[in-house]
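The values are calculated or read from the model by the stated rules, or taken from the named source; none is laboratory data. Remember, predicted model here, so these are calculated numbers, not experimental data. Methodologically, a virtual Cβ is constructed for each residue, glycine included, from the backbone with ideal geometry; neighbour enumeration extends over all protein chains shown.
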Amino acid sequence: MNRRSFLLSAAAAPAATRPPNIVLILCDNLGYGDIGCYGSPKIRTPELDGMAREGMRFTAMYAASGVCTPSRASLMTGCYPRRVGLHQTDPDGFVLRPVSPNGLHPGETTIAEALKSRGYATAIVGKWHLGDQPPFLPTRQGFDYYLGIPYSDDMTGGKRPGWPPLPLMENERVIEAPVDRDLLTRRYTEKCVEWIGANKSRPFFLYLPHAMPGSTPRPFASDTFRGKSKGGPWGDSVEEIDWSTGRILEAIRAAGIEDNTLVVWTNDNGAPRHDGKSGSNLPLSGWGYTTSEGGQRVPCIARWPGRIPAGRACSAVTTLMDWLPTAAGLAGARLDGSRPIDGKDIWPLLSAKTSKSPHQAFYYYYGPQLQAVRSGRWKLFLPLDGKQVTLTGRTEPAKAALYDLEADEAESRNVVTENPPVARRLTALAEKARADLGDVDRPGRGQRPSGRVENPAPRTL
């Protein structure tokens, strides 16, 4: 065992063949209904539509939070945000800010660290948002290489006192500030293509967390795509992401590694409401930054020719937390069980060996507060006696509401009065989560702290 006593250790028996390459593409604030194969009537996404035809499309994949830092923390660690202390931090709030003293604890195991234990080359090209101070940077969290912005694209210089110009970093050095946000998707794509070519002879993990469509009311896109989509500026940004995905798939084919490469394309949370200028979460209800289905259910496509059956749709409840144990299993890495995670290995679903979810329940946390729970087809919004936390920290009334998501994914008909046994069962599941992960009025026995440094400094040229 190395310096991280709970880091994944290599399995005793090595894989009979070279373990698969894994490419994980994550969008920022994309809407559930923003691409063609999920129902967009305006935004053209031929590459993603083709990827769905050649792979598996998930229709009940959940982010563990409706906002980006907690969601990305759960993706990287396989844990609910409360478990790793990044559900809410002081003084940041729900998402980490520039020059924050907080970040992902160096003691947590990331997907990159898991795969490095099996000899993988690892790279992140894109938005990190799990801490901008040196101990929290990707290069200290298992990644061999980093190119990207350390937090959201709307956290620009001058927006708040002490915030530096938005930095583009390579490894641990700022190479440009402010970065031209219109060029981020293109630059990220070109670097990914280059990196795939340079690492094709060994197993690799490439993480591409896009900055787009992003956190601003006016998303960014390069000249080639700006003004071209019927979906407006938001559509321009999404169509460039679609192009980017096609270029990465092309690079994988050109490298001759398509049959041994798993590509996962997904999103961190639903589209937020920006006065009619944002994306669409239809047919789901609600917006990003909430615990509605539109806030936390995300599009997800997985492709691996010959290993994942083509043209399948998976409706089982799955989460972004599942990608760490799934990747570890495929790579032949073994989790050390002393520090529990919440994700499950979903290879049986990906390989169509089963259609059953490995999750007894999924918990919808909003920052520090448990607001809803799903089990099977049922979702219960908990009665919170007027104490439901909102993004601004205010509270508002919240009565119990039960929805049959298989029949009513838009959460339009509250059936709690007709189904008291179901409501009681989901309430009991919620109590289990509160005991383990905590809630606004109590700590959880399974919680771990976030990382923290003293005297944080801005990332500048």
The lone exception for residue 184 - which of (1) modelled with pLDDT of 95 or more; (2) farther than 25 Å from residue 105 by Cα; (3) assigned to a loop (DSSP other than H, G, I, E, B) it fails:
(3)
Hey, could you check the stretch 249-299 for residues that are within 22 Å of the chain's Cα centre (by Cα) and of a type in the set (Asp, Glu) and say which is farthest from residue 195 (Cα to Cα)?
293
Output for Cβ contacts, cut-off 8 Å, separation at least six or different chains, first residue farther than 14 Å from residue 63 by Cα and free of Cβ contacts under 8 Å to residues at least 12 places away in the same chain in the stretch 271-288, second crowded, with 17+ Cβ neighbours inside 10 Å and hydrophobic (A, V, I, L, M, F, W, C), reads none
Among the numbered criteria (1) touching a residue at least 24 places away in the same chain (Cβ under 8 Å); (2) in contact with a helix residue (DSSP H, G or I) (Cβ under 6 Å, 6 or more places away or on another chain); (3) in a loop (DSSP other than H, G, I, E, B), which single criterion is violated by residue 230?
(2)
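Looking only at the stretch 266-307, filter to residues that are in a loop (DSSP other than H, G, I, E, B) and either among the polar types (S, T, N, Q) or not assigned by TED's automatic domain parsing to the domain that holds residue 51 (or both); which one of those is farthest from residue 406 (Cα to Cα)?
278
Do you know which of the residues in the stretch 96-111 that are of a type outside the set (S, T, N, Q) and crowded, with 24+ Cβ neighbours inside 10 Å is farthest from residue 85 (Cα to Cα)?
Selected residue: 111.
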Which residues, taken from the stretch 113-138, are among the hydroxyl-bearing types (Ser, Thr, Tyr) and in a loop (DSSP other than H, G, I, E, B)?
117, 120
In contact (Cβ under 8 Å) with a residue 40 or more places away in the chain and not hydrophobic (A, V, I, L, M, F, W, C), is that true of residue 200?
yes
I'd like the full set of residues that are in a helix (DSSP H, G or I) and either without any contact (Cβ under 8 Å) to a residue 24 or more places away in the chain or in contact with a strand residue (DSSP E or B) (Cβ under 9 Å, 6 or more places away or on another chain) (or both), limited to the stretch 72-92.
72, 74, 75, 76
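This table checks each residue for (1) part of a loop (DSSP other than H, G, I, E, B); (2) within 25 Å of the chain's Cα centre (by Cα); (3) at pLDDT 95 or above.
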site: 384; (1), (2), (3): yes, no, no
site: 393; (1), (2), (3): yes, yes, no
site: 402; (1), (2), (3): no, no, yes
site: 410; (1), (2), (3): yes, yes, yes
site: 413; (1), (2), (3): yes, no, yes
site: 430; (1), (2), (3): no, yes, yes
site: 434; (1), (2), (3): no, yes, yes
site: 446; (1), (2), (3): yes, yes, yes
site: 454; (1), (2), (3): yes, no, yes
How do the pairs read when you match residues in the stretch 33-54 that are without any contact (Cβ under 8 Å) to a residue 40 or more places away in the chain with residues anywhere that are part of a loop (DSSP other than H, G, I, E, B), using Cβ under 6 Å and keeping only pairs 6 or more apart or on different chains?
36/45
Only one residue in 150, 138 is in contact with a His (Cβ under 8 Å, 6 or more places away or on another chain) and farther than 30 Å from residue 39 by Cα. Which one?
150
